[in-house]
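Here is the structure we will look at, set down as structure tokens.
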Amino acid sequence: MLNLKNHIWTVCAAILCSLIVYSTPSIADDYYRWVDSQGVVHYGSRPPKGVKAEKIKAYGGTAAAPKTTSSNNTPSQGKKTLSKQEKQERQQLIAQRQEVCKQERDRLRTLQTPGRRIRMEQDDGSTRFLTPQEVADQVSESQEFLSQSCQ
């Protein structure tokens, strides 16, 4: 009886997998990305006429490099228009990065203050003071982070 149940589950899983695979034939179709007059980004298989659209070819979950064209198949000038939401998201990311850099500069200033003992919290919740070598290591890590991430 147990063997029959396993066989039924195997058959059901095979049917489900085949339904999923064959129910998505449009995965390799051409898709377009365009921005309307209000700055809203749209995706679809047919862009409106007269609108510049990027052609995106999907290959089983990965996209080829976008090719920018207008809907009447004339190449665009390569100018990418960002929507208001994309601009806001970029500004938020820039602000977050600036805040992280500010915090790291403050941390470095604290580490470099002469005569200061630096106390660190351990994984178990206890605290201990860093040795001069550990402080020097932290300073070099902080400087490296700032030089690589905060130009």
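The values are calculated or read from the model by the stated rules, or taken from the named source; none is laboratory data. Since we're looking at a predicted model, the values are computed, not measured. Counting neighbours? That spans all protein chains shown, and the Cβs are built from the backbone with ideal geometry, glycine included. SASA here: full protein model, heavy atoms, side chains in, ligands and nucleic acids out. Shrake-Rupley method; radii C 1.70, N 1.55, O 1.52, S 1.80 Å.
Scan the range 110-119 and tell me whether some residue there is open to solvent by 60 Å² or more (accessible area, probe 1.4 Å), under 22 Å from residue 97 (Cβ atoms) and of a type in the set (Ser, Thr, Tyr). For the range 110-119, residues open to solvent by 60 Å² or more (accessible area, probe 1.4 Å), under 22 Å from residue 97 (Cβ atoms) and of a type in the set (Ser, Thr, Tyr): absent. Among the residues making up the range 47-58, those that are modelled with pLDDT under 80 and open to solvent by 50 Å² or more (accessible area, probe 1.4 Å) are 55, 57. Figure legend. Inter-residue proximity from the range 109-127: first residues modelled with pLDDT of 85 or more, second residues in a loop (DSSP other than H, G, I, E, B), beta-carbon distance below 6 Å, spacing 6+ or different chains. Indicated pairs: 118/130.
If the condition is being farther than 30 Å from residue 131 by Cβ and among the hydrophobic types (A, V, I, L, M, F, W, C), then the range 91-117 contributes 93, 94, 95.
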